[in-house]
Structure formats: C-alpha cells, structure tokens
Amino acid sequence: MNGGLWLLNALVLGIVCGACAFSVADWAVREHVGLLNVATMPTWLTVVAAIIALDLVSYGWHRANHRIGVLWRFHQVHHSDPTFTTSTGLRFHPGELLLSLPIRLGAVVLLGAPAAAVLAFEVVFTFANLVEHGDIDLPQRSERILGHLFVTPALHRRHHTRMGRARDTNFATVFSGWDRLFGTYTASDSTVAVDTGLPGLSQVTLAEALALPIHVRQ
Ligand SMILES: [Zn+2]
Ligand SMILES: [Zn+2]
C-alpha cells in the first residue's frame, strides 16, 4: 500500500516535474533572481541558508495541510497509516505532492537557491523524513541532545497521534526549532506510547486512499 503510493507518486511527479526544481534553480541563478543572489556568499553558506529556508517553507506547508480543509483531505492519507514505520514516510496522496509543487518551486525562485543547494536540501529532507517515521526508540540522552536541534522519531510520532490536539503540533521535518518558535511544539520522547492512525480509516486500500479527498462521509 505505502510502496504502491510511492511508485505512483514517482511516476506522476516524474511526468509532471522530472527535475524541474533544479531547472528552476538554474534559471534563478542565471537571471540573478532571489534573496540569496542579492549578497555574495560562500557556497557552503548558501547551501546552509537554503536548507534552513526550504525547511521553514515545508513547515508552513505542513501546517497549512492541517489547517485548510481541502488540503487536509489529501494529507489525511499520510495520517491514515495505522502503523508508524519508515514506509509511512512514503505514504502521500499524489494530489498533496502536486499541490506542493508550485509552493516548492516558488520558494526556490524567491530564494534564488542554486541547484546544488536544492539537491542538498532534498537529500537532507528525504533522510530526515525517512528516519523520523522509523519507529526508532533512541537512547534518552542522545534523544534529548538531538531533539534540541532536529526532529526525532518520537517528536514526529506524537504528530501521528490517532486522537487529541497533539496532531496539530510538531509540523517540522528537519529542524525542531520551527515548532518551538511558532508555538506548535509538543515535547515527546521514546518512552511516550502513541496510538497512531486516524479513527475510521484503519483499513484503507490503495484505491480507497486515492479516493479519500473526494469521499463524502455518510
Ligand atoms: Zn501531518
Ligand atoms: Zn508523518
């Protein structure tokens, strides 16, 4: 099911976008468009700045997915996974990824991030996404230290809670600081047991998951 969605998404996005984020980044740098092209900065600083800024955009987009009804219709597919494993990180409705494209491309242009920085962000983001969905119970000391800067699996597992308002917290993917800064942080660690999934959506098939955004509840 999660693997099926991932394959479908790879196919759909490959057709619609391919490597369009990199082409857009190349264009922005060539045309000197975007914030990062205003000042002269060493490449490493540009890469770090782009990773931080694009992670903030991802935080905002994720928060909007929980706030705006039509976006939640797509995003609930991600939350409907009753289990919480690395493959949950691949479980997204293609509609959610397509809707996020203009936001992602717009952010790359606004920033004027070079293709290398976009690639670095994609690598860091993909790694963080897969790790934080892994049901990994880190040793408490390392978890506490890591959690000051990064989103740990326990922090994101709290976001996947079946019930309660914690689902509308812990939106960040790479840096946990965004949630602390914007007041959407719920502390958690590997000792906290979380019942994950969504009520009434424990057994959805691939076809049902794809139809969820247009499904009208009885
Ligand atoms: Zn979410
Ligand atoms: Zn998630």
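Can you tell me which residue within region 132-141, out of those that are under 20 Å from the mean Cα position of the chain (by Cα) and either closer than 19 Å to Y185 by Cβ or open to solvent by 50 Å² or more (accessible area, probe 1.4 Å) (or both), is farthest from ligand 2 (Cβ to nearest atom)?
Result: I136.
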Residue ID - farthest from L13 (Cα to Cα), chosen from residues in region 65-123 that are among the β-branched types (V, I, T) and under 14 Å from the mean Cα position of the chain (by Cα): T86
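Kindly establish whether R144 is more than 15 Å from the chain's Cα centre (by Cα), of a type in the set (K, R) and more than 30 Å from L210 (Cβ to Cβ). Give the derivation first.
On the way: more than 15 Å from the chain's Cα centre (by Cα): yes; of a type in the set (K, R): yes; more than 30 Å from L210 (Cβ to Cβ): yes.
It is true that R144 is more than 15 Å from the chain's Cα centre (by Cα), of a type in the set (K, R) and more than 30 Å from L210 (Cβ to Cβ).
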Those residues of region 131-161 which are within 13 Å of ligand 1 (Cβ to nearest atom) and touching a Pro at 6+ places or on another chain (Cβ under 9 Å), in sequence order: E132, H133
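So is W44 part of a helix (DSSP H, G or I) and surrounded by fewer than 14 Cβ atoms within 10 Å (Cβ to Cβ) or not? Write out each step before concluding.
Details: part of a helix (DSSP H, G or I): yes; surrounded by fewer than 14 Cβ atoms within 10 Å (Cβ to Cβ): yes.
Spelling it out, W44 is indeed part of a helix (DSSP H, G or I) and surrounded by fewer than 14 Cβ atoms within 10 Å (Cβ to Cβ).
Taking helices (runs of 4 or more DSSP H) that do not extend beyond region 88-206, which have at least 1 residues that are without any contact (Cβ under 8 Å) to a residue 24 or more places away in the chain and of a type in the set (A, V, I, L, M)? Even if it seems obvious, please write down each step before you answer.
Numbers: elements: 94-111, 115-133, 140-149, 153-159, 177-181.
Those helices (runs of 4 or more DSSP H) span 115-133, 140-149, 177-181.
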Residue tally, condition more than 15 Å from ligand 2 (Cβ to nearest atom) and open to solvent by less than 60 Å² (accessible area, probe 1.4 Å), over region 147-173: 2
Residues of region 57-69 that turn out to be in contact (Cβ under 8 Å) with a residue 60 or more places away in the chain and either closer than 13 Å to L99 by Cβ or near ligand 1 (Cβ under 10 Å from one of its atoms) (or both), as a count: 3
Where W27 falls short, out of the listed (1) under 15 Å from G112 (Cα atoms); (2) under 19 Å from the mean Cα position of the chain (by Cα): (2)
Subset of region 73-118 that is under 21 Å from F175 (Cβ atoms) and surrounded by fewer than 17 Cβ atoms within 10 Å (Cβ to Cβ) - its residue that is farthest from ligand 2 (Cβ to nearest atom): A116
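The values are calculated or read from the model by the stated rules, or taken from the named source; none is laboratory data. Here the structure is a predicted model, which is why all the values come from computation and not from measurement. Note: ideal-geometry Cβ built from the backbone for every residue, glycine included; neighbour counts use all protein chains shown. Keep in mind that these areas ignore ligands, DNA and RNA; they rest on the heavy atoms of the full protein, side chains included. Shrake-Rupley method; radii C 1.70, N 1.55, O 1.52, S 1.80 Å.
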